[in-house]
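Notes to accompany the following structure.
The values are calculated or read from the model by the stated rules, or taken from the named source; none is laboratory data. Worth saying up front: this structure is predicted, and the values here are computed from it rather than measured. Here the Cβ is made from the backbone with ideal geometry for all residues, glycine too, and neighbour counts use every protein chain on show.
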Amino acid sequence: MTAHFDTIIIGGGLLGCATAWMIAREGGRVLLLERDQINQHASGSNAGSLHFQLEYRMIEGGLDKARKAAEAMPLHLDAAELWADLPRLTAEPIVVKQTGGLMIAETADQVRLLEQKTEIERAWGLDNRMIDRAGIERIAPYLSDRVIAAAHCTTEGKADARTAGPAFARAALAAGAHIRTRSEVRALSRRGRGWSVVAGSDESPQTLQADTVVIAAGVWTTRMGQMMGADLPTIPLALMMTVTQRMAPLIGHLVQHAGGRLSLKQALDGNILIGGGWPARLLRDAEGTPDFDAKPQLEASSLAGNARIAMGVLPRLAGVPALRSWVGTTTITPDQLPLVGPVPGCPGAFVATGGSAFTLGPSFAQALAALVAGRQPLTDLRSFDPARYAKG
Amino acid sequence: MANFHRLPVARGRPVRFTFEGAPVDSFAGETLATALLAAQVGAFGHTREGNPRLPFCNMGTCFDCAVQVDGRGLVRACLTDVVEGMVVNMQEIK
């Protein structure tokens, strides 16, 4: 049996579901294929930060690398606007709180780094401003007095990672998209002016046809590229997060640190979510290929390190029981910039992934929907062109 | 509302404790969750919206039965035996 669609989207995370919704509401006949369940992987296991200022991983390598990473700022600015509108546009109860974010400094060096960083960000149009100790006492009295300054970005915040992806999936269905879960893609090949996609179980795979294909497959991006004969280099990063028992409302901001791996925020239910990029151990086979079907393993040193930096800036955390720690695997690229655009050498195939894909998911989806429709995306995507790796 | 009752089998010696200040009668060997359910307690805690929660998994995983015992928080009632005189309360959010 074969079936024909305008667009087949590979991957049922936040990005794939948002893209399916955006294409379907423009009238496109869309099929989304998900190997497991909607929101099962990175989209549902990240901590739900909406961070628009440069993250610690982008500034720890020095200012030149920070300037390079800042080339993604237009996507961050798009995301800041898109997230605010998504609950209304999807008519779904997506929990989005843009109550501001703070990247904090405890030393003079960190303050200087933040000052240089905010200058770069403001040149790109992000409203991120330094506040001093008095400012911190005024808007974030919950922070330790070791915090001497912070970069305050008013549009940052959080969204509920547990419910955002499924909300986009429901919006996509309501707009007429088709969704198949437990449908792993097994082969991709050019056929006429479009694509032939083999998906489903080993026993009863199905061949589907589409004019265009969108790869929204996170850690599986490189493998999908290989099926098409394209080089889409990605690096999987297994990370750890922790959630505490509920507390009365205390933290209104997303809190990050200029001198270490930390993200801190309080969920609507009162639990404190602690993360910031502490590594977990990705399981690999004998050849070193990561096994994405196996859960990465928690590292005790990460658990301790994350707790230490969190308690250092939020003393109230000491004595609050952690409910659980978990791991998820994010996808970054060799140059830390997102991968968004046409798949090189594969007409009608488009891809998006690469770092901060929860925060940037709506921006990626908007760009993909434009590319699929043959429109010029509103944002200049040249820095994110997947072909940059083929050239090198 | 919960509607649990004890099966007619031999029980241990009587054990009395309090939940939210009210005395609860139970038997040695029962878990706190068993004793509270048999006493028709309708909520072990509440959600953010104020909806009642009762034990869900009864095997230590879901934390929906977590209560405060003798001042200690996050005690799973389904994994905790009743003890004479224990003071049990719903969890406070501090």
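Inside the range A:26-58, can you point out the residues that are surrounded by 24 or more Cβ atoms within 10 Å (Cβ to Cβ) and on the phi > 0 side of the Ramachandran plot?
Result: A:Asn39, A:Gly48.
Could you check the range A:228-257 and list, in sequence order, the residues that are within 14 Å of chain B (Cβ to nearest Cβ) and among the hydroxyl-bearing types (Ser, Thr, Tyr)?
A:Thr244
Within the range A:141-173, which residues are farther than 30 Å from A:Ile131 by Cβ and touching a residue at least 60 places away in the same chain (Cβ under 8 Å)? Give the steps one after another, and end with the answer.
Taking the range A:141-173 as the starting set, the residues that turn out to be farther than 30 Å from A:Ile131 by Cβ are A:162-163, A:165-173.
Answer for the range A:141-173, where residues must be farther than 30 Å from A:Ile131 by Cβ and touching a residue at least 60 places away in the same chain (Cβ under 8 Å): A:Arg162, A:Thr163, A:Gly165, A:Pro166, A:Ala167, A:Phe168, A:Ala169, A:Arg170, A:Ala171, A:Ala172.
Only one residue in A:Ile272, A:Ile309 is among the β-branched types (Val, Ile, Thr), within 14 Å of chain B (Cβ to nearest Cβ) and not in a loop (DSSP other than H, G, I, E, B), so which one is that? Steps first, please.
Values: A:Ile309 fails: within 14 Å of chain B (Cβ to nearest Cβ).
Within the list A:Ile272, A:Ile309, the selection yields A:Ile272.
Only one of (1) touching a residue at least 60 places away in the same chain (Cβ under 8 Å); (2) in a loop (DSSP other than H, G, I, E, B) fails for A:Leu114. Which number is that?
(2)
Is it true that A:Arg375 is in a strand (DSSP E or B), surrounded by fewer than 18 Cβ atoms within 10 Å (Cβ to Cβ) and either without any contact (Cβ under 8 Å) to a residue 40 or more places away in the chain or of a type outside the set (Asp, Glu) (or both)? Working first, answer last.
On the way: in a strand (DSSP E or B): no; surrounded by fewer than 18 Cβ atoms within 10 Å (Cβ to Cβ): yes; either without any contact (Cβ under 8 Å) to a residue 40 or more places away in the chain or of a type outside the set (Asp, Glu) (or both): yes.
Judged against the criteria, A:Arg375 is not a match.
Are any residues in the range A:258-273 in contact (Cβ under 8 Å) with a residue 60 or more places away in the chain and crowded, with 17+ Cβ neighbours inside 10 Å, and if so, which ones? Can you show your working first?
Initially, the range A:258-273 is screened for residues in contact (Cβ under 8 Å) with a residue 60 or more places away in the chain, giving A:258-263, A:265, A:267-268, A:273.
A:Ala258, A:Gly259, A:Gly260, A:Arg261, A:Leu262, A:Ser263, A:Lys265, A:Ala267, A:Leu273 - these are the residues of the range A:258-273 that are in contact (Cβ under 8 Å) with a residue 60 or more places away in the chain and crowded, with 17+ Cβ neighbours inside 10 Å.
Only one of (1) assigned to a loop (DSSP other than H, G, I, E, B); (2) among the small types (Gly, Ala, Ser); (3) more than 24 Å from A:Ala370 (Cβ to Cβ) is not met by A:Ala3, so which one is it?
(1)
Pairs under 6 Å by beta carbon, first residue at negative phi and outside any helix (DSSP H, G or I) in the range A:68-92, partner surrounded by 15 or more Cβ atoms within 10 Å (Cβ to Cβ) and not basic (Lys, Arg), six or more apart or different chains?
Final answer for the pair search is A:Glu92/A:Ala167; A:Glu92/A:Ala171.
Could you tell me which of the residues B:Ala38, B:Ala28 is more than 14 Å from every other protein chain (Cβ to nearest Cβ), over 13 Å from the mean Cα position of the chain (by Cα) and among the hydrophobic types (A, V, I, L, M, F, W, C)?
Values: B:Ala38 fails: over 13 Å from the mean Cα position of the chain (by Cα).
When all the criteria are applied, what remains is B:Ala28.
If you go through the range A:379-391 one residue at a time, how many are touching a residue at least 40 places away in the same chain (Cβ under 8 Å) and within 20 Å of the chain's Cα centre (by Cα)?
7
Taking strands (runs of 3 or more DSSP E) that fall entirely within the range A:178-257, which contain at least 1 residues that are at pLDDT 95 or above, surrounded by 17 or more Cβ atoms within 10 Å (Cβ to Cβ) and not assigned by TED's automatic domain parsing to the domain that holds A:Ala373?
Details: elements: A:178-180, A:185-191, A:194-199, A:206-215, A:235-246, A:254-257.
Qualifying strands (runs of 3 or more DSSP E): A:235-246, A:254-257.
Is it the case that A:Ser356 is in contact with an Asp or Glu (Cβ under 6 Å, 6 or more places away or on another chain), closer than 21 Å to A:Lys65 by Cβ and in contact (Cβ under 8 Å) with a residue 40 or more places away in the chain?
Values: in contact with an Asp or Glu (Cβ under 6 Å, 6 or more places away or on another chain): no; closer than 21 Å to A:Lys65 by Cβ: yes; in contact (Cβ under 8 Å) with a residue 40 or more places away in the chain: yes.
So A:Ser356 fails the test.
Check A:Leu114, A:Leu102, A:Leu126 and return the single one that is closer than 21 Å to A:Val255 by Cα and out of contact with any His (no Cβ under 9 Å at 6 or more places or on another chain).
Details: A:Leu102 fails: out of contact with any His (no Cβ under 9 Å at 6 or more places or on another chain); A:Leu126 fails: out of contact with any His (no Cβ under 9 Å at 6 or more places or on another chain).
Exactly one residue qualifies, and that residue is A:Leu114.
Exactly one of (1) over 27 Å from A:Leu268 (Cα atoms); (2) of a type outside the set (A, V, I, L, M, F, W, C); (3) within 13 Å of chain A (Cβ to nearest Cβ) is unmet by B:Arg6. Its number?
Among (1) over 27 Å from A:Leu268 (Cα atoms); (2) of a type outside the set (A, V, I, L, M, F, W, C); (3) within 13 Å of chain A (Cβ to nearest Cβ), the lone unmet condition for B:Arg6 is (3).
With (1) among the charged types (D, E, K, R); (2) over 12 Å from the mean Cα position of the chain (by Cα); (3) within 14 Å of another protein chain (Cβ to nearest Cβ) as the list, and B:Arg13 as the residue in question, which single condition is left unmet?
The one condition B:Arg13 does not meet is (3).
Consider the range B:46-59. How many of its residues are on the phi < 0 side of the Ramachandran plot, more than 14 Å from every other protein chain (Cβ to nearest Cβ) and surrounded by 15 or more Cβ atoms within 10 Å (Cβ to Cβ)?
2
Condition test on A:Ser325, is it assigned by TED's automatic domain parsing to the domain that holds A:Leu250, in contact with a strand residue (DSSP E or B) (Cβ under 7 Å, 6 or more places away or on another chain) and among the hydroxyl-bearing types (Ser, Thr, Tyr)?
yes
How many of the residues making up the range B:60-88 are more than 14 Å from chain A (Cβ to nearest Cβ) and out of contact with any Cys (no Cβ under 7 Å at 6 or more places or on another chain)?
So the answer is 11.
Conditions: (1) buried (at least 20 other Cβ atoms within 10 Å of the Cβ); (2) in a loop (DSSP other than H, G, I, E, B); (3) touching a Ser or Thr at 6+ places or on another chain (Cβ under 9 Å). B:Phe17 meets all but one. Number of the miss?
Unmet for B:Phe17, out of (1) buried (at least 20 other Cβ atoms within 10 Å of the Cβ); (2) in a loop (DSSP other than H, G, I, E, B); (3) touching a Ser or Thr at 6+ places or on another chain (Cβ under 9 Å): (2).
Just to be sure, is A:Arg324 in contact (Cβ under 8 Å) with a residue 12 or more places away in the chain and charged (D, E, K, R)?
Working: in contact (Cβ under 8 Å) with a residue 12 or more places away in the chain: yes; charged (D, E, K, R): yes.
Spelling it out, A:Arg324 is indeed in contact (Cβ under 8 Å) with a residue 12 or more places away in the chain and charged (D, E, K, R).
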